[in-house]
Amino acid sequence: FGPTRQVARLEGSKAFAKAFMERHGIPTGRYVVVPDYAKAVEHVRRVDYPVVIKASGLAAGKGVIVPADRAEAEAALHQMMVERVFGAAGDEVVIEERLYGQEASVLAFCDGRTVAVMPPAQDHKAIFDGDRGPNTGGMGAYAPARIVTPALLEETTRLVLQRAVDGLAEEGTPYVGVLYAGLMLTATGVRVL
């Protein structure tokens, strides 16, 4: 019960997770994966939408920076890729479209084919009240999160969790364990972070 090394890449590599979601039609934000600092800065300067900068590897829950502007985005890239504040986790970054809405988490027990969804939760990541300040590894959580309506939970189960389990099975890595989906509830539907 739990992920194999192959499946654990969903958590251990944001680049792998984004590519997996793209292959299996799981809704997520636009993104690029960049292993080069100069190219990352060039991309941030070129896009016409706000971004989120993510260290691709594991960074103890702190490898995501939500910059207020391009200057902060470039500073985040410098911290991750040049100063290496997250170590090897920042050798490759995911530059992602910033999504707006409420965040929620949905977890499900999986047997390799089906999902049994748990009550949705919301956690608090920003260090200060009002969602201000840098992200932390987590400042608390509660469940059930009423923001996730029964219809939204059904949509998440169908479009996110079941597609992930089906995709893992199709790729020869069926998953038995608890699958976690970090979500943004946007005006145009659920997106996986």
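Computed packing ranks the peptides 171-179, 76-84, 50-58, 145-153 as 50-58, 76-84, 171-179, 145-153, most packed first, by mean other Cβ atoms within 10 Å. Whole-Hz Karplus values for the stretch 6-16 come out as 5, 6, 4, 4, 4, 8, x, 9, 5, 5, 4 Hz, taken residue by residue from phi with 6.51 cos²θ - 1.76 cosθ + 1.60 and θ = phi - 60°; glycine and proline positions read x.
How high is the FRET efficiency between residue 23 and residue 48 when r is their beta carbon distance and R₀ equals 22 Å, given to the nearest 0.05? According to the calculation, E is roughly 0.25. Note on the stretch 46-132: Cα-only Rg and Dmax are 15.7, 45 Å. Each DSSP beta bridge with both residues in the chain is either parallel or antiparallel, and the antiparallel ones are about 95%. Legend: P(r) of the chain from all alpha carbon pair distances, 10 Å bins from 0, whole percents, reading 9, 35, 38, 17, 1.
Remark: the chain carries a charge dipole of roughly 80 debye about the Cα centre, counting +1 on each Lys and Arg Cβ and -1 on each Asp and Glu Cβ. Estimated translational diffusion coefficient (Stokes-Einstein, Kirkwood radius over Cα pairs, 20 °C, 1.002 mPa s) of the stretch 134-193: 161 µm² per second.
Could you point to the residue in 25, 73, 52 farthest towards the positive end of the stretch 1-90's charge dipole, with +1 and -1 charges on the Cβ of Lys/Arg and Asp/Glu respectively? Positive-end residue among those listed: 25.
In whole Hz, with x marking every Gly and Pro, tabulate ³J(HN,Hα) for the stretch 48-63 from phi via Karplus 6.51 cos²θ - 1.76 cosθ + 1.60, θ = phi - 60°. So the J values, rounded to whole Hz, are 10, 9, x, 10, 10, 10, 10, 5, 5, x, 6, 9, 6, x, 10, x.
Modelled label positions at residue 128 and residue 170, each set 7 Å beyond Cα in the direction of Cβ, lie 4.5 nm from each other. In plain terms, the chain from residue 111 to residue 139 could stretch by 7.0 nm, reckoned as 0.36 nm per residue minus the Cα-Cα distance. When only Cα pairs below 8 angstrom with a gap of at least 6 residues are kept, the chain shows a relative contact order of 25 percent. The fraction of accessible area contributed by carbon and sulfur in the stretch 1-141 is 54 percent, rounded to a whole number (1.4 Å probe; ligands and nucleic acids excluded).
The values are calculated or read from the model by the stated rules, or taken from the named source; none is laboratory data. This one's a predicted model, so the numbers in the text were calculated from it and none came from an experiment. So basically every Cβ, Gly included, is an ideal-geometry build from the backbone, and we count neighbours across all protein chains shown. In case anyone asks, the SASA skips ligands and DNA or RNA and just uses the protein heavy atoms, side chains included. Shrake-Rupley method; radii C 1.70, N 1.55, O 1.52, S 1.80 Å.
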